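The values are calculated or read from the model by the stated rules, or taken from the named source; none is laboratory data. In this text the structure is predicted, and so the values were computed from the model without any measurement. Heads up, the Cβs are rebuilt from the backbone with ideal geometry, glycines too, and the neighbour counts pull from every protein chain shown.
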Amino acid sequence: MNRPELVCPAGTPAALRTAVDAGADAVYCGFQNATNARNFPGLNFTMPEMERSVAYAHAHGTKVLLAVNTFPPAGKFPLWREAIDAGNQLGVDAFIVADIGVAEYVVTTCPERRLHLSVQAAASSPEAIRYYCREFGVRRVVLPRILTIPEIRAMGQEIPCEMETFIFGNHGLMVEGRCSLTNYVTGLSTNMDGVCSPASQVRYEPDARGGLESRLGAFTIDCFARTEKAGYPTICKGRYLADCRTGPYYAFEEPISLNLSMLLPDLIRSGVHAFKIEGRQRSRAYVKSVVSAFRTSVDAILAGSEPQLDDLVALTEGRKQTEGAFKSKAWR
Amino acid sequence: MVTNEFPPPVRAALSVALLPLQPLLGRIVTRIAARYPEILERLGPHQSTRFVIEPTDLPFALLLRPEPGDLLLRAYPRGEPLACDARISGRFMQLLRLIDCDEDGDAMFFSRDLVISGDTEAVVTLRNALDDVDGSVATSIAAMFGPPGRAALAGLRRFGGWSHRETREMP
């Protein structure tokens, strides 16, 4: 049985240290700009912070994976080039990229660095993945959350690189790296600006009865009654009024989080090389709880004992969790 | 959101009652800004934002403006009409857990224990800035008041059912 790497999120240096201390094998993080897909206000790393964080992680035997996983718009490539150059200079262990131009730049300037293919590349077929491996020497692919475990096992037989799967966190099934819902409403791009539902255009309006209206740009995307759990203010998880339905309904997806605690043994047997925890935008408290829980579970499975699974539902979106397509394509 | 407002005479009395608190709050915000300059750095353009922090189970709200050189933290009776850019509301113990880095702000939002309104970007930035500190802001505030302060925070943690976990400092 292979020992899967636990890849954990860090939105700040303190979160990185928390992840390292909680048992992360690798931490992924990004710079404070549009080069990464969590370009949120007050989040991410300056160059000096990244330097100190890489040193801290390496001193504790933890790898640092630099997310440079957005798509540079024409004429703005220098920012992405600077991020790669900085990561190379600081000695990060791998780059996580989605764009073929960025991948080419890594291969050309620092071929000794590992290249991981971001989920933002939406590579979900053996043909697509083999293309990235052949052309850019990709060593690991982060699989989109649309494959069943048997499909992942079969994929592993057909590709020449490692596989990484999400095991906890955001469960967004729009075609990753291709979703433009935010663009239509806000004018900013998830894939090029690195921000889905920019906070500057999000407004919450509480009402006197304890309800909450969630708005993005000029649109109301959900209204929560006093006792209802809430979700992120993303278009794909909003409730809408449409002529074809009576009352508001989730036109795309529901607020819900992925939790594959119970499927870890199957995933390990399927040859998955790394487990990814989503949530660079989340707090140190989240990082500590989730990383610790999965560290304990993975170690228990590898030791041949029953995993002790902490209840993580309190940290899930809408306080709901799913095994999504990993369990069955009929999950909805 | 619970927003029991007090009639004007009660608010006036509360304002007087809060007077001894104001210099303490001023000292707290000054000390925290000095201890954690990285908080102000992360706030960036939101240093001049006026945040109202409203413990819904206490009779007062706090007005915070984290502007270097012109820091402001002041208590007002709940219901006082305060000009602000962003408002953060929740029960006192939940807010304390947030600044003690023991609770995830997104999870509190999902469960509706935390209500925010106004400038969401400012609130998200403040949340991220407060989360990127060594130790916790709550610990530092308690330490300002010596052993009684630390004992009070320890008592609140016990009462709330959590124990603070320190992060290691950057080498």
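Can you tell me which residues in region A:263-287 are touching a Ser or Thr at 6+ places or on another chain (Cβ under 8 Å), farther than 28 Å from A:R153 by Cβ and more than 10 Å from chain B (Cβ to nearest Cβ)?
none
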- Task: Answer with yes or no whether A:V287 is under 16 Å from the mean Cα position of the chain (by Cα) and of a type in the set (A, V, I, L, M, F, W, C).
- Result: yes
- Message: Would you confirm whether or not region A:144-156 contains a residue that is surrounded by 20 or more Cβ atoms within 10 Å (Cβ to Cβ), in the same structural domain as A:Y232 (by TED's automatic domain parsing) and not polar (S, T, N, Q)?
- Response: no
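Against the definition (part of a loop (DSSP other than H, G, I, E, B) and free of Cβ contacts under 8 Å to residues at least 24 places away in the same chain), how does B:D106 come out, yes or no? Before you say what the answer is, go through the steps one by one.
Numbers: part of a loop (DSSP other than H, G, I, E, B): no; free of Cβ contacts under 8 Å to residues at least 24 places away in the same chain: yes.
So B:D106 fails the test.
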- Scanning region B:110-135 for residues that are closer than 16 Å to A:F224 by Cα, facing chain A (nearest Cβ under 7 Å) and either under 16 Å from the mean Cα position of the chain (by Cα) or part of a strand (DSSP E or B) (or both) gives B:V115, B:I116, B:S117
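So which of A:E228, A:E205 ends up being within 10 Å of another protein chain (Cβ to nearest Cβ), over 23 Å from the mean Cα position of the chain (by Cα) and in a strand (DSSP E or B)?
Every option except A:E205 fails the conditions.
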- Note on A:V290: of the conditions (1) part of a loop (DSSP other than H, G, I, E, B); (2) in contact with a strand residue (DSSP E or B) (Cβ under 7 Å, 6 or more places away or on another chain); (3) within 10 Å of chain B (Cβ to nearest Cβ); (4) not charged (D, E, K, R), unmet is (1)
- Message: Can you say whether A:A325 is small (G, A, S), more than 10 Å from every other protein chain (Cβ to nearest Cβ) and either buried (at least 22 other Cβ atoms within 10 Å of the Cβ) or not in a helix (DSSP H, G or I) (or both), as far as the supplied structure shows?
- Response: no
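From B:L43, B:L62, B:L25, B:L14, grab the single residue that is among the aliphatic types (A, V, I, L, M) and at pLDDT below 95.
Among B:L43, B:L62, B:L25, B:L14, only B:L14 is among the aliphatic types (A, V, I, L, M) and at pLDDT below 95.
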- Query: Do any helices (runs of 4 or more DSSP H) entirely within region B:1-93 hold 2 or more residues that are under 27 Å from B:D131 (Cβ atoms) and in contact (Cβ under 8 Å) with a residue 12 or more places away in the chain, and if so, which?
  - Reply: B:21-35, B:37-43
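Does at least one position in region A:264-272 carry a residue that is among the aliphatic types (A, V, I, L, M) and touching a Lys or Arg at 6+ places or on another chain (Cβ under 8 Å)?
no
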- Is it fair to say B:P147 is touching a residue at least 24 places away in the same chain (Cβ under 8 Å), away from every other protein chain (no Cβ under 14 Å) and either surrounded by fewer than 21 Cβ atoms within 10 Å (Cβ to Cβ) or β-branched (V, I, T) (or both)? no
- Does any residue of region A:235-245 turn out to be without any contact (Cβ under 8 Å) to a residue 60 or more places away in the chain, of a type outside the set (D, E) and facing chain B (nearest Cβ under 10 Å)? no
- In region A:4-38, which residues are on the phi < 0 side of the Ramachandran plot and either at pLDDT below 95 or surrounded by fewer than 22 Cβ atoms within 10 Å (Cβ to Cβ) (or both)? A:E5, A:D21, A:A22, A:D25, A:A26, A:Q32, A:N33, A:N36, A:A37, A:R38
- Query: Would it be correct to say that A:R52 is buried (at least 24 other Cβ atoms within 10 Å of the Cβ), closer than 28 Å to B:V124 by Cα, among the charged types (D, E, K, R) and touching a residue at least 12 places away in the same chain (Cβ under 8 Å)?
  - Reply: no
- Item | Condition broken by A:G61, with the remaining ones in (1) within 14 Å of chain B (Cβ to nearest Cβ); (2) free of Cβ contacts under 8 Å to residues at least 12 places away in the same chain satisfied | (1)
- Item | Filter pass, A:V107 being touching a strand residue (DSSP E or B) at 6+ places or on another chain (Cβ under 6 Å) and at pLDDT 95 or above | no
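Is it the case that some residue within region A:186-193 is more than 23 Å from A:E278 (Cβ to Cβ), of a type outside the set (K, R) and not assigned by TED's automatic domain parsing to the domain that holds A:H116?
Of region A:186-193, the ones more than 23 Å from A:E278 (Cβ to Cβ) are A:187.
Remaining after also requiring of a type outside the set (K, R): A:187.
Filter again for not assigned by TED's automatic domain parsing to the domain that holds A:H116, leaving A:187.
Scanning region A:186-193, I find at least one residue that is more than 23 Å from A:E278 (Cβ to Cβ), of a type outside the set (K, R) and not assigned by TED's automatic domain parsing to the domain that holds A:H116, so the answer is yes.
Counting just the residues of region A:178-202 that are of a type in the set (S, T, Y) and not in a helix (DSSP H, G or I), which one comes out surrounded by the fewest Cβ atoms within 10 Å (Cβ to Cβ)?
Here the answer is A:S180.
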- In region A:253-287, the residues that are in a loop (DSSP other than H, G, I, E, B), surrounded by fewer than 20 Cβ atoms within 10 Å (Cβ to Cβ) and among the charged types (D, E, K, R): A:E253, A:E254
- Message: Quick check on my filter: what residues within region A:297-317 are more than 21 Å from the chain's Cα centre (by Cα) and not acidic (D, E)?
- Response: A:A300, A:I301, A:L302, A:A303, A:G304, A:S305, A:P307, A:Q308, A:L309
- Message: Looking only at region A:17-43, how many residues end up being closer than 17 Å to A:A94 by Cα and part of a loop (DSSP other than H, G, I, E, B)?
- Response: 6
- Among the candidates A:L260, A:L315, which residue alone is of a type outside the set (K, R) and more than 9 Å from chain B (Cβ to nearest Cβ)? A:L260
- Please tell me if A:A67 is away from chain B (no Cβ under 13 Å), assigned to a strand (DSSP E or B) and of a type outside the set (D, E, K, R). yes
- Message: Within region A:161-173, does at least one residue satisfy the condition of being in a loop (DSSP other than H, G, I, E, B), over 30 Å from A:R269 (Cβ atoms) and touching a residue at least 24 places away in the same chain (Cβ under 8 Å)?
- Response: no
